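> Take this structure, written in structure tokens, and hold onto it; I'll ask about it next.
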């Protein structure tokens, strides 16, 4: 591709082709922000973030905690009058920020997601205790204690496994993944 | 016996063992066999989609391909797994280039996907395939006196698949009526529980859980029925944290819909995995007549 | 017999000349058989260009003319007129489109020039086979049918009637007035709707030139411009209009009430024998057969018992009447319906008592409405202390209707004003995406509302709920919206919510458009002939449209369209005769074998079969020249004027001019 892409075009390309309308269709009605259950915890409302993307404010967008606070509940997507898949936009921004390594420092999401992915590559299944280090220390002392208490209770009730399971055809599985992206050593 | 390719998902292995047990028991009690897919892998939940889309679809496709091999419909009890599988299946059907790319990867495990299986959520099996009439016929211990708040959550309903009602569906309420319980209408029935935000943005998730608990309790529910292990975990395991954060005193039992169906079919609570909750279900069980509590 | 063809190649400035080598084409044309003169010129459509044609016809005795320029849609009429001025029949003319079909499709000058030559050759070869044709005169019946008695229909009817022409006004409801009769005040002047409407309604009712047919519907439409035969079903009122004085005692004495879902929008009740509103025109009441105890069980008859006229005006035996009328033109002014807001469950209509639609609120604030103009909650007693007005419910939304409904911003502002007027202490919140106030006095009206202290929140409402989260929210309706101007999600507790739903086409608009043989768009609104330049005509001659049935619009625009349609019709009537294009089919009776294949194929029902002679005949005036019968006839007995076999085949031969000579065909 000859010309350099603007930020808004880059993001548009990241959204999977078959669904939703492009974000340049947004006429800033605010339905998404009004429908969002997590908006109180975002520094920019979803509508505002879309406005910022369309204005190519790349640094501000990536520095926002909005898209990492998205629970992907799709309430915005089903109501958007311009039929933009906003939840998918949030996914795209997450992927972009991990690719660029650019996101607010104090966030748990990026490290957690990367650990999650590595764990799947290693075993084919998810195993909670392995993920704990990626977030547990960010909760502060009280949070850490609370989490430990919950974990203990679960272990006593037999609901928390102490050992990870691996899928049987793990080698095939890993070769399968390498055919999509050459992963190198996890 | 009608068979389905059953995909439990990572959460059902131990954390939500109750869902797994009750699903199989309740289904069997109504003439349906949930045949677990052999050597299934994690669907990627939401975290995988935060990192790489194509890889995430591939993870899902491996499981779909195995269901196709059995020639059975793919059934997921977890809304997250269900949503991933449903839409991956759709994209593979619509986009031959994507299918080609993914099939190339699947070959490494001697698998191939054609898009011939159908993806169902476990609750659809009860509501659409088995049907309310059949369920009513088999209920031996109707849960009279039980006020159930049916919590749909989000990813069962959204994104829209076929123009269905995502704002005020009634099928979960009707299912609860069919087993003799009284469904309680509450506004947050399809409001997000926070999902994985419980890890990555705990404050937000606790707020979302708080709203749901508050609504259900206000409308008189004595139990919340869930259809997804993440919703269940968020509503149940973190209730005490919500209480601490907001100064509330919730002790709302959270049970899976299959556990309730199982009780109504006369299956003992132990076989349905009831008894391992952090928020005890015992008080709720005594509301329902004819059911011994543990 | 050899013809003398004049060929004119237009440059069209640089539109054609930039890509087609026009001088070369012109010179080449001049060398062709039967071409007497060939010219190229900068702008053929200019007066000078036209004069070239006129002069050449006169001086060189041209018998045929070809102009190679733009699309016939643009200037066929112009050049035909030039031929006539020069003394040549206008149908001895053919146009070659070397612009839209050639120079505007490519940058390749070689290819474009070659194609231009082919198109010109085709035109020359064709035009040689043209015959002179005369337009067909059609008489225009001076009666007009106006369907729909709302403000657009009333305007159209009065314009025509005042001009001296007779009008049939057919209205489906028991009274004319339409939706405007339901309103209280109209924006931006805040005129009382009934006060400005009823004088017009009375005019209609009393006008000697208007035959008013209310409680009636059009059943069948046959015919063509100037000559329509329409069957109208006059439904039984069970009230004899010859004797009824409109005293209203029957209505008073009727013991049964039902919810009035039409005029009162479900907010109020009416009797089973009723007039929709006090100022109804005509004054005759109507019996609602479905709810009348006499018709259901044979009891009551209170209306008849108390009716004071002699003979009695109540006639339970009355039957529907079918009237057949002859009209020259039809104006459709059938109005609109409101979007059903229960399709958006998150707004709570139907589930939450104090959520109202705009039409319900109109009836509420109306002085003769169910609350006598008092703004109250659904309990019909308590005035609200706070009201939220939700704009764009179902409009500007790809999930429902993508279009903007034109009037809702203005009436939402009007509602805010009326609430301020009647309940000065009440807080009013207008939740909008944009405030659209395009016409005269509208923006000023918006400023007035700002002055009156309305809270404007720029954000589309996502939810209306009663699930309170705080003590302030208890017992209220909470409107959840993002205040986009301050980037915050807000939950606003109010007592009452008014929804402004989208304006939709009538539910049966598709059936109606088929009945009148004209088109409607995907949203169900009737299709105008040209959205900019001809908004009241349709593609069907003789059928016009006016008002909201063409698209959402306010009262002034509806009145304007009604008047425009009337002017068009008036013009046709005053001409008395209209000339129609002679491009029609005709059947050679001697060659017709009477197989009748053409009869069923004709999309315009323009072919009749003579039982006695066993031959088919085309009704020229109904024929639209589509050519279906021409192609279908197995005996080749049908000729399509101006599209004969010779003409069409020659045109094809002409296109292939450079390959048809044997020496150029390989092998």
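> Could you compute the FRET efficiency for residue C:114 and residue C:507, with r as their C-beta to C-beta distance and R0 at 56 Å, rounded to 0.05?
Step by step, r from the Cβ atoms, then E = 0.55.
> Same structure again: At residue C:444 and residue A:43, where each label point lies 7 Å from the Cα along Cα→Cβ, what is the point-to-point distance in nanometres?
4.8 nm
> Follow-up question, since we're still on this one. Just to be sure I understand the model, the point goes 7 Å from the Cα along the line to the Cβ. What's the resulting residue B:161 to residue C:253 distance in nm?
Label-label distance for residue B:161 and residue C:253, simple model: 6.4 nm.
> If you don't mind, another one. Which value in Å does the Kirkwood hydrodynamic radius of the protein assembly as shown take, with 1/r averaged over all unlike C-alpha pairs and then inverted?
Result for the protein assembly as shown, one decimal place: 35.7 Å.
> Between residue C:47 and residue B:90, what is the spin-label point distance in nm, taking each point 7 Å from the Cα along the Cα→C-beta axis?
Between residue C:47 and residue B:90, the label points sit 6.5 nm apart.
> Now for a different question. Please give the calculated 222 nm ellipticity per residue for chain A, where each DSSP H segment of at least 4 residues contributes -39500 (n - 2.57) and the sum is spread over every residue; nearest 500 deg cm²/dmol?
For chain A, the value works out to -14000 deg cm²/dmol.
> Sorted from fewest to most neighbouring beta carbons within 10 Å, what does the list C:361, A:7, C:316, B:172 look like?
Fewest-to-most ranking of C:361, A:7, C:316, B:172: C:316, A:7, B:172, C:361.
> Additional query: Packing-wise, with mean Cβ within 10 Å as the measure, how do C:109-117, C:273-281, C:483-491 rank, highest first?
C:273-281, C:109-117, C:483-491
> Which order do B:126, C:306, A:27, C:93 fall in if you start with the one that has the fewest other Cβ atoms within 10 Å?
A:27, C:306, C:93, B:126
> Of all alpha-carbon pairs in chain B, indicate the percentage at a distance above 30 angstrom.
Result: 30 percent of Cα pairs exceed 30 Å.
> For peptide B:84-91, what's the mean number of Cβ atoms from other chains within 10 Å of each residue's Cβ?
The per-residue average across the peptide is 1.
> Grab the Cα-Cα distance for residue C:305 and residue C:196, subtract it from 0.36 nm times how many residues apart they are, and report the gain in nm with one decimal.
35.6 nm
> In units of 2.2 N^0.38 Å, what is the alpha-carbon radius of gyration of region A:109-178?
Compared with the compact-globule rule of thumb, region A:109-178 sits at 1.29.
> Something else about it: Taking each residue in C:459-472, count the Cβ atoms of any other chain within 10 Å of its Cβ, then average. What number comes out?
Per residue, the number of nearby Cβ atoms from other chains is 5 on average.
> Provide the percentage of antiparallel DSSP beta bridges, counting only those with both residues in chain C; round to the nearest 5.
The antiparallel proportion sits near 50 percent.
> For chain A, what does the relative contact order come out to in percent, with C-alpha contacts under 8 Å and a separation of six or more?
18 percent
> Let me ask you something else. Kirkwood hydrodynamic radius for region B:2-122: how many Å is it when counted over pairs of different Cα atoms?
14.4 Å
> Averaging sequence separations of C-alpha pairs under 8 Å and six or more residues apart, then dividing by the length of chain C, give the relative contact order as a whole percent.
14 percent
> Multiply the residue separation of residue C:374 and residue C:599 by 0.36 nm, subtract the distance between their alpha-carbon atoms, and state the gained length in nm to one decimal.
Taking residue C:374 through residue C:599 to full extension adds about 74.7 nm, to one decimal.
> Residue C:2 to residue C:104: FRET efficiency via 1/(1 + (r/R0)^6), r the Cβ-Cβ distance, R0 41 Å, to the nearest 0.05?
In this case the efficiency is close to 0.75.
> Residues in region C:582-620, backbone N under 12 Å from the label point at residue C:632 (7 Å along the Cα-to-beta-carbon vector): list them, ranges by number please.
Residues C:595-608 fall inside that zone.
> Suppose R0 equals 22 Å. What FRET efficiency, 1/(1 + (r/R0)^6) with r the Cβ-Cβ distance, do residue C:422 and residue C:269 give to the nearest 0.05?
The calculated FRET efficiency here is 0.45.
> Can you sort C:104, B:40 so the residue with the fewest Cβ neighbours within 10 Å comes first?
C:104, B:40
> Quick check: the distance between the Cα centres of region C:584-639 and region C:41-108, to the nearest angstrom?
Centre-to-centre distance over Cα atoms comes out at 33 Å.
> Just the ratio, please: alpha-carbon radius of gyration of region B:160-294 over 2.2 N^0.38 Å, N its number of residues.
1.06
> How many percent of the alpha carbon pairs in region A:1-100 exceed a separation of 17 Å?
45 percent
> Ignore the peptide's own chain and count Cβ atoms of other chains within 10 Å of each Cβ in B:95-101; give me the average, rounded.
For peptide B:95-101, the averaged partner shielding equals 1.
> Given contacts defined as C-alpha pairs under 8 Å and at least six residues apart, what's the relative contact order of region B:130-248, whole-number percent?
32 percent
> Hey, another quick one. I'd like the antiparallel share, as a percent to the nearest 5, of DSSP beta bridges with both residues in the protein assembly as shown.
45 percent
Every read-out reported here was derived from the displayed coordinates using simple, explicitly stated rules and does not represent laboratory data. What you see is a predicted model; the values in this text were computed from it and never measured. Cβ coordinates were reconstructed from backbone atoms using ideal geometry, including for glycine residues, and neighbour counts include every protein chain displayed.
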